[in-house]
1. Work the Kirkwood hydrodynamic radius out for the chain: mean of 1/r over every pair of different alpha-carbon atoms, inverted, in Å.
2. Per DSSP H run of at least 4 residues, take -39500 (n - 2.57); add these up for the chain, divide by its residues and hand me the 222 nm value, nearest 500 deg cm²/dmol.
3. Can you list the HN-Hα couplings for the stretch 17-28, worked out from phi with the Karplus curve (6.51, -1.76, 1.60; θ = phi - 60°), rounded to whole Hz and with x for Gly and Pro?
4. Which whole-Hz ³J(HN,Hα) couplings does the stretch 108-118 yield from phi under the Karplus relation 6.51 cos²θ - 1.76 cosθ + 1.60, θ = phi - 60°, glycine and proline marked x?
5. Counting pairs of Cα atoms in the stretch 20-73, how many percent are more than 15 Å apart?
6. What order do you get for 139-145, 1-7 when each peptide is scored by the mean count of other beta carbon atoms within 10 Å, highest first?
7. By its C-alpha gyration tensor, with a ≥ b ≥ c as the square roots of the eigenvalues, how is the stretch 90-145 shaped: rounded for a/c under 1.5, else prolate for a/b larger than b/c, else oblate?
8. So, with a 1.4 angstrom probe, what is the percent of accessible area on the stretch 1-100 that is carbon and sulfur?
Amino acid sequence: MTRWLDPVEMRAWRAFIETVGDLLSALEADLAVVGLTLGDYQVLVHLSEQEDQSMRMCDLASLLQLSPSGLTRRLDGLVGRGLVVRQPSPDDRRVSLARLTEQGRAELTRAAPHHVASVRRHLVDRVGAADLGGLARSFEAVRAGLDPAGARDVVTSGSAT
């Protein structure tokens, strides 16, 4: 028997599905002003969070939910701009790494305040402090349900994302 959504559940679902695309578009448009896409920004952030500023390409693709060819296409522009380099792993020559360059770090440092202001303007300040913790817990629960094996870590505070 189908468990239909009650009015509160339907309101929550419709609010989410009718908003998420517009929110991502607004964040994307704000990053375009500094010459990055949201996907580019995510790559730079993930690489910057690594101790050696690099990740195995297969791990980065998985984290970004991209196919290997999708990651190659995403990195092509960043490599062309000198923000990321591809290099063989020093531990295993069969493995390729993506590494953030100094120029990439500088670009992220330049873009981060702009992006954070956009996130605040479009999300954080609209939701308000009282509801923000609940929003975080809600999406962490959804994420855990989608990834029960824990293949992806929950993003921690302090990140430039």
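1. So the Kirkwood estimate lands at 17.7 Å.
2. -18000 deg cm²/dmol
3. Once rounded to whole Hz, the list reads 5, 8, 10, 4, x, 5, 4, 5, 5, 5, 5, 4.
4. Each residue of the stretch 108-118 in turn: 5, 4, 6, 7, 4, x, 5, 5, 4, 4, 5 Hz.
5. Summing the P(r) tail past 15 Å for the stretch 20-73 gives 53 percent.
6. Working: 139-145: 11.0, 1-7: 6.9.
My ranking of the peptides, most packed first, is 139-145, 1-7.
7. It is oblate, given that a/c is not under 1.5 and a/b is not larger than b/c.
8. On the way: 3500 of 6380 Å².
About 55 percent, which is the carbon plus sulfur part of the accessible surface.
The values are calculated or read from the model by the stated rules, or taken from the named source; none is laboratory data. Source: prediction; values computed, not measured. Please note: Cβ atoms are built from the backbone with ideal geometry, for glycine as well, and neighbour counts cover all protein chains shown. Only protein heavy atoms, including side chains, enter the accessible area calculation; ligands, DNA and RNA are left aside. Shrake-Rupley method; radii C 1.70, N 1.55, O 1.52, S 1.80 Å.
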